[in-house]
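I have placed the structure first, in the form of structure tokens, so that the comments after it can refer back to it.
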Amino acid sequence: MADAFHLFENRLEIIGDSLMESFENVRNESSAIIASNCLGDIIKPEKNMKKQDVLHFLYSKVHQNNKEDTIMKILVMHKVDLHELENPVKYRFLKLSPIFYRWVIEIFGPCSEITKVCFDDILESRVCADLYLQQNPGQDIPGDMKESTFKAILSLYRDYCNEKVPFRIQHLQYLTKSREADIIQPFFEIALPNILHICKDNASKNRSNNKLKCDYKNEVDVNEWIKRLENLDDTSSENFKDLLAKFLEKDEYILRKRN
């Protein structure tokens, strides 16, 4: 079924409803169930989705009260979550289509738990690629990964950071190992000031211009962040340590637990 919707995605506005009705009659299932099942199938990377049209169409058929729950269940089904870093680090592919991840940030914004779960997969793929290339300096692209796939990972990470999707404390196991400025700078420029509640002179202006900006009050107690940053181990990269030192010096902020 998903392949049929994918095949006719350029004509879904014309024949989409008729196609859905045909599947309803054949399978004796509601359009909402069919749409949910097709969404879970069509976002697999091997489906090679090129456009968001089919996602918009199928999502429109899911019951209004179940929309976010449906997407979250799909993420759980595909086991989109964080893993412990392996040693030596192995590069990994995105678990779901890059088109789906772009659609998620557009539909749900940066503060949704759905978006945060997708960011987990993007961040893990981005950092593991960086660490793999550190261990294999003769390679420009990890292993047998296609250049387009590698570029999609780079682009998605940058886009999610630019949209200010919150970092989780679990991300530190990845961020602290990276030497790549494009990976760790967004953490120091966007996330850490928010985590430590550092107020900039233009904070109110930024807040008014970014209604979707997320805060970290529900992520983890700030003391836990401070504890982790105070106790970086020997496996943390010098680049991460240097950026942390510069951040603290620039903002005149001393890491210490709060009462």
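Quick note: the coordinates plus some simple rules give every number you see, no bench work behind them. Fair warning: this is a prediction, and the values are worked out from it, not measured in the lab. Glycine gets a Cβ as well: all are built from the backbone with ideal geometry, and neighbour counts include every protein chain shown.
Basic side chains Lys and Arg get +1 at the Cβ, acidic Asp and Glu get -1 at the Cβ, and with that the dipole of the chain about its Cα centre reaches some 500 debye.
Over the chain, what number does the Rg to Rh ratio reach, with both radii from the alpha-carbon atoms and Rh per Kirkwood? Walk me through the numbers on the way to the answer.
Working: Rg = 20.8 Å, Rh = 20.2 Å.
With Rg and the Kirkwood Rh in hand, the quotient comes to 1.03.
Within the range 115-136, which residues have the backbone N less than 17 Å from the label spot 7 Å out from GLU224 along Cα→beta-carbon, could you tell me? From the range 115-136, the list is 116-117, 120.
Are there DSSP H segments in the chain that both extend 18 Å or more along their axis (alpha-carbon positions) and score a mean Kyte-Doolittle hydropathy of at least -0.5? List them, or say none. Mind dumping the intermediate values first?
Numbers: long enough: 12-27 (22 Å, 0.09); 113-135 (33 Å, 0.12); 147-162 (22 Å, -0.29); 238-251 (20 Å, -0.74).
Span-like helices here: 12-27, 113-135, 147-162.
Comparing Cα centroids, the range 21-98 and the range 103-158 end up 18 angstrom apart. Note on the range 1-65: with charges restricted to the Cβ of Lys and Arg (+1) and Asp and Glu (-1), its dipole about the Cα centre is near 200 debye.
For the range 70-147, the C-alpha radius of gyration sits at 1.19 times the compact-globule guess of 2.2 N^0.38 Å, with N the residue count.
Once the cut-off is 22 Å, how many percent of the Cα-Cα pairs in the range 1-139 end up in the long-distance tail? Don't jump to the answer; show the numbers that get you there.
Details: 4190 of 9591 pairs.
Within the range 1-139, distances greater than 22 Å cover 44 percent of Cα pairs.
Direction-averaged projected area, Cα convex hull, the range 1-65: 4.1 nm², rounded to one decimal.
Bridging of LYS227 to aspartates and glutamates at a Cα separation below 20 Å is possible for GLU84, GLU189, ASP215, GLU219, GLU238, ASP242, GLU249, ASP251, GLU252, once same-chain residues fewer than 8 apart are set aside. Applying 0.36 nm per residue to the separation of ASP234 and HIS197 and subtracting their alpha-carbon distance, the gain on full extension is 10.6 nm.
Largest mean-square fluctuation among ASP221, ASP121, ASP144, in a Gaussian network model of the chain whose springs join Cα atoms under 10 Å apart, belongs to ASP144. Among the listed pairs LYS67/LYS90; LYS51/LYS146; LYS61/LYS151; LYS73/LYS151; LYS50/LYS90; LYS73/LYS146, which are separated by more than 25 Å between their Cα atoms? The pairs that break the limit, which is 25 Å between Cα atoms, are LYS67/LYS90; LYS61/LYS151; LYS73/LYS151; LYS50/LYS90; LYS73/LYS146.
Between ASN162 and VAL26, how high is the FRET efficiency from 1/(1 + (r/R0)^6) when r is the Cβ-Cβ distance and R₀ = 41 Å? Nearest 0.05. Walk me through the intermediate numbers first.
Values: r = 44 Å, r/R0 = 1.07.
Computed FRET efficiency for ASN162 and VAL26 comes out at 0.40.
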